[in-house]
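First the structure, in the form of structure tokens, and then the observations on it.
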Amino acid sequence: RDDTDSAPFVPKAIVTPSPTPAPAWRPRVPWAQTILYELHVRGYTRTHPGVPDALRGTCAGLAHPAAIEHLTRLGITTVELMPIAAAVDERHLADLGLSNYWGYNPAALFVPDPRLAPGGIDELRDCVAALQAAGIEVILDVVLNHTGEGDARGPTLSLRGLDNATYYRTLADDRARYLDDAGCGNTLALDRAPVLRLAMDVLRHYALAAGVDGFRFDLATTLGRRDGGFDPGAPLLEAIAQDPVLRELKLVAEPWDVGPGGHRLGAFPAPWGEWNDRYRDTVRRYWRGDAGLAGDLATRFAGSADVFAARSRAPSRSVNFVTAHDGFTLADLVAYGAKHNESNGEGNRDGGDANHSWNHGVEGPTPDAAVRARRSRDVRNLLATLLLSRGTPMIAMGDELGRTQHGNNNAYAQDNALTWIDWDGADDDPVDFVAALVALRRSHPALRADRWLTGAPADGSGIADVEWRHPEGRAMGDGDWTNPGCRALVAILYAGASSTAGADRVAVALNAGDDPVTAHWPDAREGRVWRRRIDTSLPSGRPDAASAA
């Protein structure tokens, strides 16, 4: 107990009029056509040369046409904004001269952080409207699993002082100590009526006042926790499902937390999308050169039916990603064999160690042109795999520009040039490559159809919706799928004619081996020809660009 009078130091609130409601119109991009782009408002705009200095680092800066132009150039349909709500720094950061950059430490859930939106909810609403006017949906990353009040030694900012025992989960034998399923010091008790109402009010506030198109839920397993563990029918999940506003939005779960039984990939309600970490790990390991992964890669490439199909969920509910804010950037994934988090001030103990990364024999930057070329090729391989897989692809901010964090895989406290996009020093070549991949995906139903592949004929033509082939041209046999020497795989994808598109056939050949292979696929049918659209062995990745040059 501390009897010191803290009144002079308590943060004060300013009560403002109700915000102007956001327009009701939204782009409404179908899941099967969605291309996600995870974005930090400050990091994306802080050094953007086309954004006026006064707007850089803010939602108003993101709303600027120069900032939106890059997204439309890529073909992005949906941005996922990292947390906007006002957040506080973890108490150890001040002594290190650092601050919380990511924002996953909320203090005032209804209020946009003044560093990101000095104009408050109105600025966020105008930003959302500007993106939507360009045909881009906006999903907010929300943190409802814990608050910035931290553990029992943390500050009393709000809920702890109002009703600590109701809002937080505490140990049954020691009410002074918190259950910490979030790994951030405390866990909100979202199955209790006042806490449930708080969460629902927060979501409806951003949906109605800011007009957002959906939410990505941080450490979402916590949202469904009850005293006995995770429950897919938990009160908050059920409340969202019946809410006339929220049920119509895109909902995305990060389907894990650090508590008992916390990894719940595939366990969320049917309409939800889920970050698929199995996809991430398999694709990384395959392109790193790990042996015997042909079968697992095919499963992930086809939408992860083993995770989602059993509960009658579509392939689009697998949110596929190779990198995200948490971990290496794509450029660092192929340039560092280990994390380098020294600048975080924690002795390089923070951040994950299971990165499945590779450095091509040299740790970090190198003048060796051959190493740099191999790294660039692997970046193209990873991007192509991501955007040609079934499911909903998510690109991490700046991966299409070669953004590096110099090996830091936990840059949550780095609000500086380490995490901001370096627009002046960015590599522009991958931008055109990503745009070409997005356009290819959009124009070919065989790549983005939102149904499970069966290997059976897709229509009266007798052509199967997928043929898995060995590069030699024969069908993959049982032994090929786990053969350590099988490093290449060919998928022949087919979609029958529909009311909106003709029959479509695409061949995708993947080779993670050290040596080139000759891949064989079926002869073209009468009146049709095969066209090579993507070739990651080329520096541009685009045969049409190479021939034009």
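The values are calculated or read from the model by the stated rules, or taken from the named source; none is laboratory data. None of these values were measured; they are calculated from a predicted model. Methodologically, a virtual Cβ is constructed for each residue, glycine included, from the backbone with ideal geometry; neighbour enumeration extends over all protein chains shown. Calculation scope for accessible area: heavy atoms of the full protein, side chains included, ligands and nucleic acids excluded. Shrake-Rupley method; radii C 1.70, N 1.55, O 1.52, S 1.80 Å.
Residue-by-condition table, conditions (1) among the hydrophobic types (A, V, I, L, M, F, W, C); (2) under 23 Å from Thr329 (Cβ atoms); (3) crowded, with 19+ Cβ neighbours inside 10 Å:
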| residue | (1), (2), (3) |
| --- | --- |
| Pro21 | no, no, no |
| Pro30 | no, no, no |
| Glu38 | no, yes, yes |
| Arg56 | no, yes, yes |
| Pro65 | no, no, no |
| Arg73 | no, yes, no |
| Met82 | yes, yes, yes |
| Ala94 | yes, no, no |
| Tyr104 | no, yes, yes |
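Restricting attention to region 473-483, does a residue exist that is under 19 Å from the mean Cα position of the chain (by Cα) and more than 30 Å from Arg525 (Cβ to Cβ)?
No, the conditions are met nowhere in region 473-483.
Considering (1) within 27 Å of Leu489 (Cβ to Cβ); (2) under 19 Å from the mean Cα position of the chain (by Cα); (3) open to solvent by 30 Å² or more (accessible area, probe 1.4 Å), the lone condition that Ala310 does not fulfil carries the number (2).
Every condition in (1) modelled with pLDDT of 95 or more; (2) part of a helix (DSSP H, G or I); (3) open to solvent by 30 Å² or more (accessible area, probe 1.4 Å) is met by Arg284 except one, and the failing one is (3).
Here Gly398 fulfils each of the conditions (1) at positive phi; (2) open to solvent by less than 10 Å² (accessible area, probe 1.4 Å); (3) over 17 Å from the mean Cα position of the chain (by Cα); (4) not β-branched (Val, Ile, Thr) apart from (3).
Give, as residue ranges, the strands (runs of 3 or more DSSP E) completely inside region 6-100 that count at least 1 residues that are out of contact with any helix residue (DSSP H, G or I) (no Cβ under 6 Å at 6 or more places or on another chain) and among the β-branched types (Val, Ile, Thr). Give the steps one after another, and end with the answer.
Details: elements: 36-39, 78-81, 85-87.
Filter on region 6-100 gives 78-81.
Just wondering, is there one or more residues in region 110-123 that are touching a Phe, Trp or Tyr at 6+ places or on another chain (Cβ under 6 Å), part of a loop (DSSP other than H, G, I, E, B) and surrounded by 19 or more Cβ atoms within 10 Å (Cβ to Cβ)? Within region 110-123 (the criterion being touching a Phe, Trp or Tyr at 6+ places or on another chain (Cβ under 6 Å), part of a loop (DSSP other than H, G, I, E, B) and surrounded by 19 or more Cβ atoms within 10 Å (Cβ to Cβ)), the answer is no, since none of the residues qualifies.
Once region 313-354 is narrowed to residues that are out of contact with any strand residue (DSSP E or B) (no Cβ under 8 Å at 6 or more places or on another chain) and assigned to a helix (DSSP H, G or I), the residue that is nearest to Asn410 (Cα to Cα) is Asn344. In the set Asp399, Asp415, only one residue is farther than 27 Å from Leu538 by Cβ, modelled with pLDDT of 95 or more and charged (D, E, K, R); that residue is Asp415. If you go through region 361-373 and pick out every residue that is assigned to a loop (DSSP other than H, G, I, E, B), without any contact (Cβ under 8 Å) to a residue 24 or more places away in the chain and open to solvent by less than 10 Å² (accessible area, probe 1.4 Å), you end up with 0.
Which of the residues belonging to region 156-199 are part of a strand (DSSP E or B), aliphatic (A, V, I, L, M) and either in contact with a Cys (Cβ under 8 Å, 6 or more places away or on another chain) or loosely packed, with under 12 Cβ neighbours inside 10 Å (or both)? Answer for region 156-199, where residues must be part of a strand (DSSP E or B), aliphatic (A, V, I, L, M) and either in contact with a Cys (Cβ under 8 Å, 6 or more places away or on another chain) or loosely packed, with under 12 Cβ neighbours inside 10 Å (or both): Leu171, Ala176. Tell me which residues, restricted to region 112-126, are within 10 Å of Pro19 (Cβ to Cβ) and touching a Gly at 6+ places or on another chain (Cβ under 7 Å). Arg125 - this is the single residue of region 112-126 that is within 10 Å of Pro19 (Cβ to Cβ) and touching a Gly at 6+ places or on another chain (Cβ under 7 Å).
Scanning region 40-54 for residues that are open to solvent by less than 50 Å² (accessible area, probe 1.4 Å), in contact with a Leu (Cβ under 7 Å, 6 or more places away or on another chain) and not polar (S, T, N, Q) gives Val41, Tyr44. Within the set Ala152, Ala129, the sole residue that is of a type in the set (A, V, I, L, M, F, W, C) and either surrounded by 18 or more Cβ atoms within 10 Å (Cβ to Cβ) or over 29 Å from Val195 (Cβ atoms) (or both) turns out to be Ala129. State whether the residues of region 374-385 include one that is in a loop (DSSP other than H, G, I, E, B) and either open to solvent by less than 40 Å² (accessible area, probe 1.4 Å) or not basic (Lys, Arg) (or both). Checked region 374-385: no residue is in a loop (DSSP other than H, G, I, E, B) and either open to solvent by less than 40 Å² (accessible area, probe 1.4 Å) or not basic (Lys, Arg) (or both).
Within region 434-453, not a single residue is at pLDDT 95 or above, charged (D, E, K, R), under 20 Å from Ala298 (Cβ atoms) and over 23 Å from the mean Cα position of the chain (by Cα). Checked against (1) free of Cβ contacts under 8 Å to residues at least 24 places away in the same chain; (2) touching a helix residue (DSSP H, G or I) at 6+ places or on another chain (Cβ under 6 Å), Val379 meets all criteria but (1). Among the residues making up region 216-268, those that are open to solvent by less than 30 Å² (accessible area, probe 1.4 Å), hydrophobic (A, V, I, L, M, F, W, C) and in a loop (DSSP other than H, G, I, E, B) are Leu219, Ala234, Leu249, Leu265, Ala267, Phe268.
Acidic (Asp, Glu) and within 19 Å of Trp31 (Cα to Cα), is that true of Asp213? Judged against the criteria, Asp213 is a match. Going through (1) in a helix (DSSP H, G or I); (2) in contact (Cβ under 8 Å) with a residue 60 or more places away in the chain; (3) open to solvent by 10 Å² or more (accessible area, probe 1.4 Å) one by one, Thr404 falls short only on (1). All of (1) surrounded by 18 or more Cβ atoms within 10 Å (Cβ to Cβ); (2) assigned to a helix (DSSP H, G or I); (3) free of Cβ contacts under 8 Å to residues at least 60 places away in the same chain hold for Leu297 with one exception: (3).
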